[in-house]
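Below is one structure; the comments refer to it alone.
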Amino acid sequence: MPIDQVSVVRMCGACRFEIEVITVKKDNMRLFVDDKVWCEICQSEQPEVRDVAGRLETIRTEQANYPVSPTSGPPVLTRNDGG
Ligand SMILES: [Zn+2]
């Protein structure tokens, strides 16, 4: 299956409530729209906000690849005053 389609989340611009996920062709993908959308949470029409679905998961996967160094507390400073 060709990967020329992307999932786009339609969200309420006011409260970020996820209204629906649509699948569109990459060529037709528009993340910035002037449409208004009915939000159940706001109980009113709000400006629609779109974001690519799955982007968060991609970021999460990338972060998981970074090595995690355990924190071993503050460094111990030794001071030699002579003697
Ligand atoms: Zn809302």
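Data for the structure
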{"item": "Footprinting exposure proxy for Thr23, Thr78 (fewest neighbouring C-beta atoms within 10 Å first)", "result": "Thr78, Thr23"}
{"item": "Residues Arg50, Arg16 arranged by fewest to most Cβ contacts within 10 Å", "result": "Arg16, Arg50"}
{"item": "Under Karplus coefficients 6.51, -1.76 and 1.60, residue-wise ³J(HN,Hα) of segment 9-17 in Hz, glycine/proline x", "result": "8, 9, 10, 6, x, 8, 10, 6, 5"}
{"item": "Whole-Hz ³J(HN,Hα) from phi, Karplus 6.51 cos²θ - 1.76 cosθ + 1.60, for segment 47-52, glycine and proline x", "result": "x, 7, 10, 10, 8, 6"}
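Throughout, read-outs are computed from the coordinates displayed, never taken from laboratory work. The shown structure was predicted, so the numbers you read here are calculated from the model rather than taken from an experiment. Positions of Cβ are generated from backbone atoms using ideal geometry, with glycine treated the same way; all protein chains shown enter the neighbour counts.
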